[in-house]
1. Looking only at residues that are more than 16 Å from T314 (Cα to Cα) and not polar (S, T, N, Q) in the stretch 356-370, which one is nearest to the chain's Cα centre (by Cα)?
2. Please work out which one of (1) modelled with pLDDT under 95; (2) under 23 Å from W50 (Cα atoms); (3) not small (G, A, S) is the condition H333 fails and give its number.
3. Find all pairs meeting these conditions: Cβ atoms under 7 angstrom apart; at least six residues apart or on different chains; first residue within the stretch 200-215 and surrounded by 15 or more Cβ atoms within 10 Å (Cβ to Cβ); second residue among the hydroxyl-bearing types (S, T, Y) and outside any strand (DSSP E or B).
4. Just checking: which of the strands (runs of 3 or more DSSP E) contained wholly in the stretch 51-123 hold 2 or more residues that are crowded, with 18+ Cβ neighbours inside 10 Å?
5. Can you confirm whether L318 is in contact with an Asp or Glu (Cβ under 6 Å, 6 or more places away or on another chain), of a type outside the set (F, W, Y) and modelled with pLDDT of 95 or more?
6. Are any of the residues in the stretch 101-122 under 15 Å from G78 (Cα atoms), of a type in the set (D, E) and modelled with pLDDT of 95 or more?
7. What pairs come out if I take residues in the stretch 227-245 that are acidic (D, E) and buried (at least 24 other Cβ atoms within 10 Å of the Cβ) and pair them with residues that are assigned to a strand (DSSP E or B) and at pLDDT below 95 whose C-beta lies under 6 Å away, six or more apart or interchain?
8. Find the residue count for the stretch 93-112, including only residues that are touching an Asp or Glu at 6+ places or on another chain (Cβ under 9 Å) and within 21 Å of T165 (Cβ to Cβ).
Amino acid sequence: MNAWGNATARFAVAMLVLSLAGCSLFGGASKPKPAELGANVPIFGIRQAWSSRIGGEVQFPLEVHVNGPVVFLASSDGTMAAVDARTGRDLWRLNVGAPIAAGVGSDGKIGAVVTRGNDVVAVEAGRELWRAKLPAQAYAAPLVAGNRVFVLTADRSVSAFDGQTGRRLWSQQRPGEPLVLRQAGVLMAVRDTLVTGLSGRLAGLNPGNGTVRWEVPIASPRGTNDVERLVDLVAPVSRVGSSVCARAFQAAIGCVDTSRGMMLWTKPANGFSGIDGDAAMVFGTENNGTVVAWRRTDGERAWSSERLQYRQLTAPLLLGRSVVIGDNAGLVHLLSREDGAPLNRLTTDGSPIASAPVTADDTLVVVTRNGNVYGFRPG
């Protein structure tokens, strides 16, 4: 136990994109008032160890990638950086020369992002290796695995590129609903299968040629208009062995046995951000800020907490005995995994937390929309 535990067709004209930024879910004159937090009682001791800055602001669905003690980051102005989580210092830094729309993916050696100009750019040790044009915009970070770079784009296609040369190896396109979220989707490796989200389905692809091995619906499109029918799967997801649990936007959460391509369970859930968990529990946040814990075995609710209602929460991070969640005011909340009771509250620069918190080398790493990065450690 570590220190934390101890203490479709391509766009015919233009594809409609639903953005969750700003006040799309919480805006207008009827914006609910965030829950009062009260005084912070730090039951779990933690201190800020360092702070840094990526480059510019983060105005895209950033996915922070961790490989050992190295954290891979990017900002909207085109900056990519590899940071040592132990010190907060740069290992390398590069500007790709165009605004970034999705990232970062890495295998620890090659890092990859997608620009707003629909280029996937691969970088190694702070030097650009190659860039290649995509058929559509991407919002999910590229997946770098097996010396290949895989990209999920908004036209429901998945493409594979040679990691060293950028040569396109294959492309697979699946039909989907006309709307797509401007939010990170699901793209990951599970043993010898490339697992991705296609509308409300979790699909397993052969990484060698892109053929579909299985598809499992976590949620099915319903409603009378395109917005009501939108059920994209969103990142992050929770993986334990062959079990992958994921959220379908504002519809459901569910767990899939990826070794057999079989649904284990699915439950209604009204959230827009991803989930995290372990072999016992799965944790997520609902649209209204309610934090929920589900049993991984059957999806039954274990507990829910309304302490952070209407605070526009990130996806959670399960860290030891804590569930770590960022909010729209730049606060980071540590809640008990057992019942959601508050354990501590951390402050950053006052701008929204840009992505789900991550941990690297016993350091909790948080990134804000202003482009600042903070490292916290037990203390």
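1. Here is the first cut: in the stretch 356-370, the residues more than 16 Å from T314 (Cα to Cα) are 360-363.
Pick out the ones that are also not polar (S, T, N, Q) and you get 360-362.
Numbers: A360: 16, D361: 20, D362: 20 Å.
Top of the filtered list is A360.
2. (1)
3. Pairs found: G200/S220; G204/T258; L205/T211.
4. Passing ranges, in order: 70-74, 79-84, 100-106, 110-115.
5. Values: in contact with an Asp or Glu (Cβ under 6 Å, 6 or more places away or on another chain): yes; of a type outside the set (F, W, Y): yes; modelled with pLDDT of 95 or more: yes.
It is true that L318 is in contact with an Asp or Glu (Cβ under 6 Å, 6 or more places away or on another chain), of a type outside the set (F, W, Y) and modelled with pLDDT of 95 or more.
6. Scanning the stretch 101-122 turns up at least one residue that is under 15 Å from G78 (Cα atoms), of a type in the set (D, E) and modelled with pLDDT of 95 or more.
7. Short answer, once both residue conditions are applied: D232/L181.
8. Qualifying residue count for the region: 10.
The values are calculated or read from the model by the stated rules, or taken from the named source; none is laboratory data. Since we're looking at a predicted model, the values are computed, not measured. FYI the Cβ positions are ideal-geometry reconstructions off the backbone, even for glycines, and counts take in every protein chain you see.
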